[in-house]
Amino acid sequence: MKYYDYIITGAGAAGLMLAYRLANDSFFDQKSILILDSIERIADDKTWSFWEDGQGEWDNLVSKSWNSVVFANSLSKLKIPLDSYRYKMIHSKDFYQEVWSVIRSKSNIKFLKQKIVKLVSNNKYVEVHTHKSKFRSSKVFNSIPNFENYTKQNKYPVLKQHFVGWFVKSDSCCFDSSAATFMDFDIPQEGNTRFMYILPFTNNEALVEYTLFSKKLLAYSSYESAIKAYLGQKGITNYKILRKEQGVIPMTSYPFSTHNESNILNIGTNGGWTKSSTGYTFNNCSKKTRDLISYIKRNSDLSKFEKKSRFYFYDMLFLDVLTTKNHLGSELFSQLFNRVDIKTIFRFLDDSSSLIEDIKIITSFPKKIFLKALIKRLFSL
């Protein structure tokens, strides 16, 4: 049975970011590293977007950034300047090309296209079983999701962020390329939290995405009908669909870290690295993998890597409300964006706001609804 110092199971964004950081740090040059996944991701099959204050690590991969964002509902439309912040977008193919080029330059890192079957651990090592082979390692970083962990429980709220997006090119100049539309709630809500998300690349080309925060998925045709109706509502009728994207992201405060062991760390969405109240993952993965590199240089017990903060409880409370009162999403987000400045919102969602800023955020929401949710949650812990 072949032994590796580190095995990364799953070569998505989190797994590849970790491998990229290991490859870029000479501390790990003498460590044998194996990456396992059933597929090798190189396609332009998704986009990742995130906000950032000033310049960032991945700026060379950013294909478009915006210095303003738009928030809208049926009553108003806000165009909000971001000051020193930028909202940035990366195409997956550019990310894959960058990280794979660095990973492949290291002779101590190997990638095998094999499907993970199971992990078997004891106090000394972990066995990774694939459909072809068995491998052994002292540390495994696992991003292969186990959906049953959070879907087959009812103690913690679970929603899905699900969406379909069209990359469209119009015959006319119909988009404001200086501003990304975070949320446009000026569409039928139908008892859920539903909004349009728009990333304009030029004045006539954009990603237009129909997004829901809800428990159940829709028929694929329903997403596309909503996009078509929205474009028609905006007077955009002559356009080409260049390509499409879709996705489902779990939004849950389920404590994924309880499944970590001294020799196994769950990473990415499988490790709870998706921001549960928003579904944003890329920037959080970037921060977590950077912290993880520092951690494994000094520590051996992976079960102690994750630490809960007050923001975990904030997210859980917000999801409690959004899960039980899914129809209030438009109202809740409208109050937030209308009452709190965008930089405070960004810091709060980045888990880096001060207590005073936290209070500003919390008091922007309906007090009675959240007080009831708080009392109910306290009695369930």
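Bear in mind these aren't lab numbers, they're just calculated from the coordinates by the rules spelled out. This structure is a prediction, so every number in the text was calculated from the model and none was measured. Counting neighbours? That spans all protein chains shown, and the Cβs are built from the backbone with ideal geometry, glycine included.
Condition test on Lys118, is it assigned to a strand (DSSP E or B), among the basic types (Lys, Arg) and out of contact with any Phe, Trp or Tyr (no Cβ under 8 Å at 6 or more places or on another chain)?
yes
Condition (residue is part of a loop (DSSP other than H, G, I, E, B), basic (Lys, Arg) and within 27 Å of Ile116 (Cβ to Cβ)) applied to region 46-56: is it met by at least one residue?
Yes, some residue in region 46-56 is part of a loop (DSSP other than H, G, I, E, B), basic (Lys, Arg) and within 27 Å of Ile116 (Cβ to Cβ).
I'm told Lys169 meets every condition in (1) farther than 28 Å from Lys275 by Cα; (2) in contact with a Leu (Cβ under 9 Å, 6 or more places away or on another chain); (3) not in a strand (DSSP E or B) except one. Can you identify the failing condition by its number?
For Lys169, the exception is condition (3).
How about region 348-381: which of its residues are under 14 Å from Asp53 (Cβ atoms) and either surrounded by 18 or more Cβ atoms within 10 Å (Cβ to Cβ) or over 24 Å from the mean Cα position of the chain (by Cα) (or both)?
Phe348, Leu349, Asp350, Ser353
If you go through region 82-104 one residue at a time, how many are under 21 Å from the mean Cα position of the chain (by Cα) and either surrounded by fewer than 17 Cβ atoms within 10 Å (Cβ to Cβ) or of a type in the set (D, E, K, R) (or both)?
Residues that pass the stated criteria total 6.
If a residue must be in contact with a strand residue (DSSP E or B) (Cβ under 6 Å, 6 or more places away or on another chain) and within 15 Å of Lys169 (Cα to Cα), how many such residues does region 200-229 contain?
Looking only at that region, the number is 9.
Regarding region 215-233, can at least one residue be identified that is within 18 Å of the chain's Cα centre (by Cα) and closer than 16 Å to Leu332 by Cα?
So far as region 215-233 goes, no, none of its residues is within 18 Å of the chain's Cα centre (by Cα) and closer than 16 Å to Leu332 by Cα.
Those residues that are under 10 Å from Leu36 (Cβ atoms), of a type in the set (Val, Ile, Thr) and not in a strand (DSSP E or B), I need them from region 121-152; list them, please.
Scanning region 121-152 gives a single hit, Ile144.
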